[in-house]
1. Suppose the chain between GLN166 and PHE28 were pulled fully straight at 0.36 nm per residue; how much longer would it get relative to their current alpha carbon spacing?
2. What size of dipole, in debye to the nearest 20, comes out for the chain about its Cα centre when the only charges are +1 on Lys and Arg C-beta atoms and -1 on Asp and Glu C-beta atoms?
3. Rank these by accessible area, largest first, 1.4 Å probe: ARG461, ARG370.
4. Over what distance in Å are the Cα centres of the stretch 304-322 and the stretch 227-303 separated?
5. Relative to the first principal axis of the alpha-carbon coordinates of the chain, what is the inclination of helix 61-79, with its axis defined by its Cα atoms, in degrees from 0 to 90 and to the nearest 10?
6. Evaluate the distance, in nm, between pseudo-label points positioned 7 Å from the Cα of GLN69 and of ALA463 along their respective Cα→Cβ axes.
7. So how tilted is helix 389-406 from the main axis of the chain? Cα-based, degrees 0 to 90, rounded to 10.
8. With the crude spin-label approximation of a point 7 Å out along Cα→Cβ, what separation in nm comes out for ARG306 versus GLN271?
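The values are calculated or read from the model by the stated rules, or taken from the named source; none is laboratory data. The model shown is predicted, which means the values in this text are computed figures rather than measured ones. For neighbour counting, all protein chains shown are included, and Cβ atoms are generated from backbone atoms with ideal geometry for every residue, glycine included. Note: accessible area is taken over every heavy atom of the protein model, side chains too, but ligands, DNA and RNA are not part of it. Shrake-Rupley method; radii C 1.70, N 1.55, O 1.52, S 1.80 Å.
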Amino acid sequence: MSEKPTNQANQQWGGRFSEPTDQFVAKFTASIDFDQRLYQQDINGSLAHAAMLNKVGILTDQELSDIQQGLRDIQTAIEAGEIEWSVALEDIHMNIEARLTDRIGITGKKLHTGRSRNDQIATDIRLYLRDEIDIICQEITRLQNNLADLAEQEAETIMPGFTHLQTAQPVTFGHHLMAWFEMLSRDNERLQDCRKRVNISPLGAAALAGTTYPIDREFTAQQLGFSKPSENSLDSVSDRDFAIEFCSAASLIMTHLSRISEELILWTSAQFNFIELPDRFCTGSSIMPQKKNPDVPELVRGKTGRITGHLISLLTLMKSQPLAYNKDNQEDKEPLFDTVDNLKGCLRAYADMVPAIKANKANMYEAAKRGFSTATDLADYLVKKQMPFRDAHEVVGKAVAYGIAQTKDLSEMSLAELQQFSDIIENDVFDVLTLEGSVNARNHIGGTAPAQVKAAVKRARKALTSR
């Protein structure tokens with residue numbers, strides 16, 4: 001049987017009103033349909049608040065014990081699916097408080113002493129978001145570990161590097177994967193920095209001006225694992241910049257995942273055929289039996305717009321609000337919750353998928369041979385022979401034009417053919433015109449040489465371990 005509260009609508013605040021709330025308005029203004037997910041945070045906040053009220057002498061030991069047991073029983077009932085949420089009670093706070101009063105009587109009404117739903121919801125969201133940031137960072141770390149493993153495995157797999165989606169210079173697949181790793185490292189740092197501003201306790205700010213009760217905000221902050229209480233009661237209950245900051249960081253993560261998705265989608269096409277994605281992360285066509293569609297990367301790419309939209313929604317929500325709390329802020333939760341849910345899903349999908357990516361090494365290598373990808377290496381070779389770079393650039397440009405006309409790559413030309421463009425070219429030029437020579441020549445930190453890729457992986461694993 002589901003529990004139903006005996007409290008009537010508006011009982012929590014209806015003393016001022018001469019008529020009940022319109023039924024449509026009650027449903028229109030209620031948030032219980034979506035903020036019920038905050039039940040754990042709401043109960044934790046209430047337990048800390050009750051302990052503080054007991055510490056300062058407002059609640060007796062028996063009253064504290066009754067409240068603690070009542071809240072734990074309610075949590076058990078919620079998790080067993082025995083709670084029937086009431087729209088008439090508007091939100092998670094009043095639903096839980098009404099059931100607490102039903103269970104333990106008038107003592108339940110004392111729990112709200114010295115606090116408001118304004119600081120209560122601000123506290124709940126911060127507790128929720130702090131926990132979710134920790135989970136998201138764990139998923140980023142899992143994805144990065146899998147990228148590092150694959151990068152080490154593919155440290156010597158040569159592929160073309162692109163600018164403007166045109167062949168530029170040869171790189172390795174491992175080097176490319178570590179570029180994705182670096183994007184995610186900055187994403188993790190942004191979230192960790194955001195968490196510092198999330199982890200501040202607004203509890204005790206009450207409606208907007210604090211309370212006349214002798215509360216101990218340091219105590220509740222410590223009980224809830226916050227770094228400190230907030231400094232200003234007006235600001236504490238009214239701003240959602242911490243949620244906006246999180247959504248900004250989430251949008252950047254999704255932008256990075258979208259860029260990765262775009263490359264995976266291109267690379268799985270018949271035109272590139274650089275990689276194979278595992279069948280379990282793809283789907284087929286209802287009409288074309290040959291199709292293997294990269295649905296996971298495509299959906300992640302699509303969800304990026306959705307999450308960026310949530311960021312704009314929250315920025316717009318906050319931009320014109322006067323201090324302090326306004327009902328507008330009820331609209332912060334659904335965009336925030338949806339951002340969290342979808343970001344976690346996208347990261348999980350990628351962390352699961354990356355270890356099973358298979359490189360088509362021969363195709364990558366053949367693609368790197370096309371497009372004169374070692375042209376810059378030839379220019380560098382000439383500069384090392386004391387030719388000014390601009391002159392070297394022109395010489396190589398002419399050699400490339402010749403290669404296009406003859407359908408020959410630079411590495412396929414004879415020494416005599418190359419020397420018609422500069423007589424300082426000698427037989428050692430072929431050491432730099434091969435793909436292997438080109439990749440290995442960039443043997444510096446951040447470079448493409450397989451030894452440097454493996455060193456980067458080693459540094460990456462050390463950094464991940466220290467998180």
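1. 44.3 nm
2. Magnitude of the dipole: close to 360 debye.
3. ARG370, ARG461
4. 18 Å
5. The two axes meet at around 50 degrees.
6. With each label placed 7 Å out from Cα toward Cβ, I get 5.3 nm.
7. Taking the Cα atoms of the chain, the angle to 389-406 is about 70 degrees.
8. Going by the 7 Å Cα→Cβ label model, 2.8 nm.
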